[in-house]
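Trainee: My structure is below; once you've seen it, I'll send some questions.
The values are calculated or read from the model by the stated rules, or taken from the named source; none is laboratory data. From a predicted model like this one, the values you see are computed outputs, not experimental measurements. Every residue, glycine as well, gets a Cβ built from its backbone with ideal geometry; the counts of neighbours run over all protein chains shown.
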Amino acid sequence: MSVPDSVPVDELLFETDDAGIARITLNRPQARNALTFAMYEGLVALSQRIEEDRSVKAVIITGAGEKAFAAGTDIAQFRGFEKPEDALGYERFMDRVLGTLERLRVPTIAAVAGACTGGGAAIAAACDMRIATRDARFGFPIARTLGNCLSLGNLKRLSSLIGPARVKDILFTARLIGAEEALSIGLVNEVVEDAAALGQRATELAKLLAGHAPLTLQATKEGLRRLAEEDAAQGEARPGDDLILMTYMSRDFREGMEAFLGKRPPKWEGR
């Protein structure tokens, strides 16, 4: 299979093997694998192709290099946000990307080395299983960087993994948690020594899952997703829109973005 035309071939790599294992690699190591909007669209396109290819039995998602799985969305792309529609459209877009990954019929494994933050951590959380190296770090440090917020879908997904108290801890303190802590709270399933061991273990686990009854795995995935799913509001307005607009349309968000790109501490005003 080839990478969708909308995605630069060197930023999102895709391959399959004879065992039915598909591998997606986020490949912007010079930017700590920060994702562009085109890369997110590419994940959706690849997910759709995987759905249609019955030879694929499991998916591994990883980041190029050893420094980062993905450091979230490329912040420079937020500079064009001016209207409420920009903020709401972005969160709708992200919900579609993550929902597509979550609904894949086959099991997905996030193989995480190094930093796994923001949108990268959201992608990992949307996968069925997560394996991390000992130097992996997870978090959503937006309270000290951008001053935006997570959508209700992302909050729900994280809460189902680690519970609301730990979600508050991670978001309020804006800290990055290490692999061992992530393992202890259920955010990751396994911790391995280094990147070489990560690749080997992810492949072993994917082959194990690929050999199991595919309809059992699919039914289990979908059943658990339905149990966790809340009724989404229909139409333009959705629960949580007011929170998205409160943050993305604020002076603080603009200040946080410019401070991040300018490599200086932000000066919060609370408005």
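Trainee: Could you please tell me which pairs satisfy a Cβ distance under 8 Å, a separation of 6+ or placement on different chains, a first residue in the range 71-100 that is at positive phi and surrounded by 15 or more Cβ atoms within 10 Å (Cβ to Cβ), and a second residue that is at pLDDT 90 or above and of a type in the set (A, V, I, L, M, F, W, C)?
Mentor: Taking only residues 6 or more apart or on different chains, the pairs are Gly72/Ala34; Gly72/Leu35; Gly72/Ala121.
Trainee: Is it the case, given these coordinates, that Val106 is of a type in the set (A, V, I, L, M), under 17 Å from Leu46 (Cα atoms) and buried (at least 22 other Cβ atoms within 10 Å of the Cβ)? Step through it out loud before you land on a result.
Mentor: Working: of a type in the set (A, V, I, L, M): yes; under 17 Å from Leu46 (Cα atoms): yes; buried (at least 22 other Cβ atoms within 10 Å of the Cβ): yes.
When the stated conditions are applied, Val106 passes them.
Trainee: Report every pair of residues separated by at least 6 positions or lying on different chains whose Cβ atoms are under 7 Å apart, first residue within the range 19-42 and within 23 Å of Arg92 (Cα to Cα), second among the hydroxyl-bearing types (Ser, Thr, Tyr) and buried (at least 17 other Cβ atoms within 10 Å of the Cβ).
Mentor: Ala34/Thr73; Leu35/Thr73
Matching residues to (1) crowded, with 16+ Cβ neighbours inside 10 Å; (2) out of contact with any Cys (no Cβ under 6 Å at 6 or more places or on another chain); (3) charged (D, E, K, R):
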site	(1), (2), (3)
Lys168	no, yes, yes
Ala210	yes, yes, no
Leu227	no, yes, no
Glu255	yes, yes, yes
Glu269	no, yes, yes
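Trainee: Mind checking which residues of the range 143-156 are free of Cβ contacts under 8 Å to residues at least 60 places away in the same chain and either basic (Lys, Arg) or surrounded by 20 or more Cβ atoms within 10 Å (Cβ to Cβ) (or both)?
Mentor: Those that are free of Cβ contacts under 8 Å to residues at least 60 places away in the same chain and either basic (Lys, Arg) or surrounded by 20 or more Cβ atoms within 10 Å (Cβ to Cβ) (or both): Leu150, Gly153.
Trainee: If we keep just the residues of the range 223-254 that are charged (D, E, K, R) and part of a loop (DSSP other than H, G, I, E, B), which is modelled with the lowest pLDDT?
Mentor: Among residues in the range 223-254 that are charged (D, E, K, R) and part of a loop (DSSP other than H, G, I, E, B), the one modelled with the lowest pLDDT is Asp231.
Trainee: Quick check on my filter: what residues within the range 1-31 are under 19 Å from Ala115 (Cα atoms), assigned to a loop (DSSP other than H, G, I, E, B) and either more than 17 Å from the chain's Cα centre (by Cα) or modelled with pLDDT under 95 (or both)?
Mentor: Glu11 - this is the single residue of the range 1-31 that is under 19 Å from Ala115 (Cα atoms), assigned to a loop (DSSP other than H, G, I, E, B) and either more than 17 Å from the chain's Cα centre (by Cα) or modelled with pLDDT under 95 (or both).
Trainee: Continuing with this model, one more query. I need the helices (runs of 4 or more DSSP H) fully contained in the range 77-195, keeping only those with at least 3 residues that are among the polar types (S, T, N, Q).
Mentor: So the answer is 152-162.
Trainee: Then there's this: Write out, first by first residue and then by second, each pair whose Cβ atoms fall under 7 Å of each other, whose residues are 6+ apart or on separate chains, and whose first residue, in the range 49-65, is touching a residue at least 60 places away in the same chain (Cβ under 8 Å) and closer than 21 Å to Met129 by Cβ while the second is assigned to a strand (DSSP E or B) and polar (S, T, N, Q).
Mentor: Partner pairs satisfying both residue conditions: Val59/Thr108; Ile61/Thr108; Thr62/Thr25.
Trainee: Filter the range 79-94 down to the residues that are aromatic (Phe, Trp, Tyr) and closer than 20 Å to Arg157 by Cα and list them by number.
Mentor: Here is the first cut: in the range 79-94, the ones aromatic (Phe, Trp, Tyr) are 81, 90, 93.
Residues satisfying the conditions are Tyr90, Phe93.
Trainee: So, of the residues in the range 32-86 that are over 15 Å from the mean Cα position of the chain (by Cα) and aromatic (Phe, Trp, Tyr), which turns out to be farthest from Leu101 (Cα to Cα)?
Mentor: Ranking the candidates gives Phe81 first.
Trainee: Report, by residue number, each residue of the range 196-210 that is farther than 18 Å from Glu66 by Cβ, of a type outside the set (A, V, I, L, M) and either in a strand (DSSP E or B) or in contact (Cβ under 8 Å) with a residue 40 or more places away in the chain (or both). Even if it seems obvious, please write down each step before you answer.
Mentor: First, the residues of the range 196-210 that are farther than 18 Å from Glu66 by Cβ: 204-210.
Imposing the further condition that a residue be of a type outside the set (A, V, I, L, M) reduces the set to 204, 207.
Lys207, the sole residue that qualifies.
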